[in-house]
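Report on the structure given below.
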Amino acid sequence: MASFVKTLAAEDDEIYGLKASRFLAKPLVIEALKNEAQIEKQKVYFSNLNGLRIIAALLVLIHHAEQFKSFFRIENYWDTIPFIEIIGKLGVILFFVLSGFLITYLLLVEENALKKK
């Protein structure tokens with residue numbers, strides 16, 4: 001966004017440290033800069049989700065490793081522990097749940113920002 005505004009920059013009308021242009025889109029540029037500044041202030045990072053991502057990745061990796069060993073007739077837990085067949089699917093489901101949570105959170109934040117206008 002900032003590079004877009006810089007390409008349209010004029011000698012006056014400085015907003016958020018950047019110069020807005022005198023084009024007809026000037027109000028849109030100003031509004032976009034305000035929205036971008038608000039979003040930057042509201043950014044949230046869920047550090048605890050990294051642990052869940054690691055668990056999901058490990059579940060999928062264990063599933064694939066045991067499946068690979070079973071395919072090549074190497075000693076494995078695929079046949080002896082039935083849970084091994086399920087953990088890969090659980091890892092993928094966990095990834096989808098995390099993605100859904102993050103996307104929903106971002107949509108709700110954006111909706112709240114638009115309602116405040």
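Residue check: ASP79 meets all listed conditions (1) under 25 Å from LYS43 (Cα atoms); (2) at pLDDT below 90 but one, namely (1).
Looking only at region 97-117, count how many residues are surrounded by 11 or more Cβ atoms within 10 Å (Cβ to Cβ) and either among the hydrophobic types (A, V, I, L, M, F, W, C) or touching a Gly at 6+ places or on another chain (Cβ under 6 Å) (or both). Looking only at that region, the number is 7. When GLN42, GLN67, GLN38 are checked against the criterion of being touching an Asp or Glu at 6+ places or on another chain (Cβ under 9 Å), among the polar types (S, T, N, Q) and either more than 30 Å from TYR105 (Cα to Cα) or at pLDDT below 90 (or both), a single residue qualifies: GLN67.
The values are calculated or read from the model by the stated rules, or taken from the named source; none is laboratory data. What you see is a predicted model, and the numbers here were worked out from it, not measured in a lab. Because the Cβ atoms are built from the backbone with ideal geometry, glycine has one as well, and the counts that use them run over all protein chains shown.
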